[in-house]
Amino acid sequence: MAHWLFKSEPDVFGWDDLTAKGEAGEEWDGVRNYQARNNMRLMKLGDTGFFYHSRSGLEIVGIVEVCAEAHPDSTTDDDRWDCVDVRALRPFANPVSLEVIKADPQLSEMVLVKNSRLSVQPVTDAEWEHLCHLGKTKP
């Protein structure tokens, strides 16, 4: 199973919005970056990811699960753009801020630190375990 990080602006679509979608989850649509799209094309059912509030908050707030593999993004007629569906699994007991992530030597190679603009990015197993520990949340 692979791990990912999904970034979203909380005032546009935040953790509470995804949680409200329930088991069905929601399309992770609107991504218009080839690298982020390619990451979604690699995702498999059951892969897990962090839900990261970008712009305001700047923190990991929960864990999501991929509940539908890559398919055409319903927000465009352009067939270059795909998305996955994700559902909320559980919130972080202690959200982990970007400031904490950047200051942690164990996370210095994380994509979020190296390429903070990428909206959908891979997370290594070691980063996953460490961030769940920091967030006081079961992996």
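The values are calculated or read from the model by the stated rules, or taken from the named source; none is laboratory data. Just so it is clear, the model here is predicted, and its values are computed rather than measured. For neighbour counting, all protein chains shown are included, and Cβ atoms are generated from backbone atoms with ideal geometry for every residue, glycine included. To get the accessible areas, we keep the full protein, side chains included, count just its heavy atoms, and leave off ligands, DNA and RNA. Shrake-Rupley method; radii C 1.70, N 1.55, O 1.52, S 1.80 Å.
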- Quick one: how many residues across the stretch 48-89 are within 13 Å of the chain's Cα centre (by Cα) and among the charged types (D, E, K, R)? 4
- Go through (1) closer than 30 Å to P72 by Cα; (2) part of a loop (DSSP other than H, G, I, E, B); (3) in contact with a helix residue (DSSP H, G or I) (Cβ under 9 Å, 6 or more places away or on another chain); (4) open to solvent by 60 Å² or more (accessible area, probe 1.4 Å) one by one and return the number of the condition E109 breaks. (1)
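Would you mention how many residues in the stretch 81-105 are within 15 Å of H3 (Cβ to Cβ) and surrounded by fewer than 20 Cβ atoms within 10 Å (Cβ to Cβ)? So that I can check it myself, show each step before the final result.
Of the stretch 81-105, the ones within 15 Å of H3 (Cβ to Cβ) are 84, 86, 89-90, 92, 96, 101.
With surrounded by fewer than 20 Cβ atoms within 10 Å (Cβ to Cβ) added as a condition, the list becomes 89-90.
Within the stretch 81-105, residues that are within 15 Å of H3 (Cβ to Cβ) and surrounded by fewer than 20 Cβ atoms within 10 Å (Cβ to Cβ) number 2.
Does the stretch 8-43 hold any residues that are more than 18 Å from H71 (Cα to Cα) and of a type in the set (S, T, N, Q), and which are they?
Step one: filter the stretch 8-43 for residues more than 18 Å from H71 (Cα to Cα), giving 8-23.
S8, T19 - these are the residues of the stretch 8-43 that are more than 18 Å from H71 (Cα to Cα) and of a type in the set (S, T, N, Q).
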- Query: Scanning the stretch 112-139 for residues that are closer than 17 Å to I63 by Cβ and of a type in the set (A, V, I, L, M, F, W, C), which turns out surrounded by the most Cβ atoms within 10 Å (Cβ to Cβ)?
  - Reply: L131
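Taking the options D11, D17, D78, name whichever one is without any contact (Cβ under 8 Å) to a residue 60 or more places away in the chain, farther than 20 Å from V100 by Cα, open to solvent by less than 70 Å² (accessible area, probe 1.4 Å) and assigned to a helix (DSSP H, G or I). If you could, list the steps in order and put the result at the bottom.
Working: D11 fails: open to solvent by less than 70 Å² (accessible area, probe 1.4 Å); D78 fails: assigned to a helix (DSSP H, G or I).
When all the criteria are applied, what remains is D17.
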